[in-house]
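All remarks here apply to the structure that follows.
Any read-out appearing in this document is the output of simple, stated calculations on the displayed coordinates, not a laboratory observation. From a predicted model like this one, the values you see are computed outputs, not experimental measurements. No Cβ is skipped: glycine too gets one built from the backbone with ideal geometry, and neighbour counts run over all protein chains shown.
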Amino acid sequence: MNFNIIINKEANFYFFIQNLSCWHDNCRKSYNSFWINETDSALSNNEQNALQTFKTIRSKYNFKGNFEKYFYFPDNMSSNFFLDDDKNDLEDIFRIFKKRFELIYKKEETKLKEWEKILIEKFLDSKTNTEIFNVLNTFFDFKPENTTINVILLMSSPDMNGGGANIDKHSVTLEISETTTNKINEVMSIAWHEIIHLLYKSKIMTVLINSGMTVTEADAVEETINSYLYPKGVVAKKFFNIKNDNEASVIE
């Protein structure tokens, strides 16, 4: 497997707006409080109305799919999947939040670049990567196809970090800008949790559903199995010396 560490301003702008909108239960309220405080002013009525519009628009589309990919990889996506006037409304929303986003991103980009350097080096450790995949392949009795995994770095808050595997079959996200770099092992464990979702989830879900579980039940069990390994499970302890603690991380 190859790993491509990505910092994308447009992706962070999208993440900023969609998180502020609280359109889904997975949006991080801790991030919102931090970002608003860092930009020195409460949300205006215009901004609040824009977020409500975004929430309405985003809720029309699948949780995963073209909507997410359009903002994370705009060069590779057409906008012809948008419904009605959604694209024009979204452009207005981004215009409304541009100034506020620029204020926070100016501070966060430097921190993301620090993480980029560290993670590039970490993911170049092919020996450790191979050892981890050997453990996972044996555990799941499945060997995923060789591919390049995009690791997209996003903004966070000082008291929380997180990750996701909600864009496509080749990409995970890490929300780590405000995580101190001495927590590299924690961040790597979060990354591997998301990589397991990316590469092994469909296999696990198939087995569980074929055993008689509903999709909802299988999804919950898959998350439990994954968490047994990473970010604070047995494999995390083996490779990254992770111990259970009270630090807040949100994984999907």
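At-a-glance table
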{"quantity": "Likely footprinting exposure, His193, His24, fewest C-beta neighbours within 10 Å first", "calculated": "His24, His193"}
{"quantity": "Virtual spin-label span in nm between Asn49 and Lys99, 7 Å along Cα→Cβ", "calculated": "1.6"}
{"quantity": "The chain: angle of helix 45-58 to the longest principal axis, Cα-based, in degrees nearest 10", "calculated": "50"}
{"quantity": "Most to least packed among 42-49, 179-186 [average Cβ atoms within 10 Å]", "calculated": "179-186, 42-49"}
{"quantity": "Nearest 10 degrees, 0 to 90: helix 215-229 Cα axis against the chain principal axis", "calculated": "70"}
{"quantity": "Helix 126-140 axis, angle to the chain major axis (alpha carbon atoms, nearest 10°)", "calculated": "80"}
{"quantity": "Order of Ile93, Ile196, Ile36 - criterion: other Cβ atoms within 10 Å of each residue's Cβ, fewest first", "calculated": "Ile36, Ile93, Ile196"}
{"quantity": "Computed [θ] at 222 nm, deg cm²/dmol, the chain (DSSP H ≥ 4; -39,500 (n - 2.57); rounded to nearest 500)", "calculated": "-19500 deg cm²/dmol"}
{"quantity": "Prolate/oblate/rounded label for region 50-154 (Cα gyration tensor, a/c 1.5)", "calculated": "oblate"}
{"quantity": "Net +/- balance of residues flanking Ile132 in space, Cβ distance below 11 Å, scoring K and R +1, D and E -1", "calculated": "0"}
{"quantity": "Beta bridges per DSSP with both ends in region 120-196, % antiparallel, nearest 5", "calculated": "45"}
{"quantity": "Which of Val172, Met188, Tyr200, positive extreme of dipole for region 145-205 (C-beta unit charges)", "calculated": "Tyr200"}
{"quantity": "Amide H partners (placed H, <5 Å) of Ile149, local residues excluded", "calculated": "Asn2, Phe3, Asn4"}
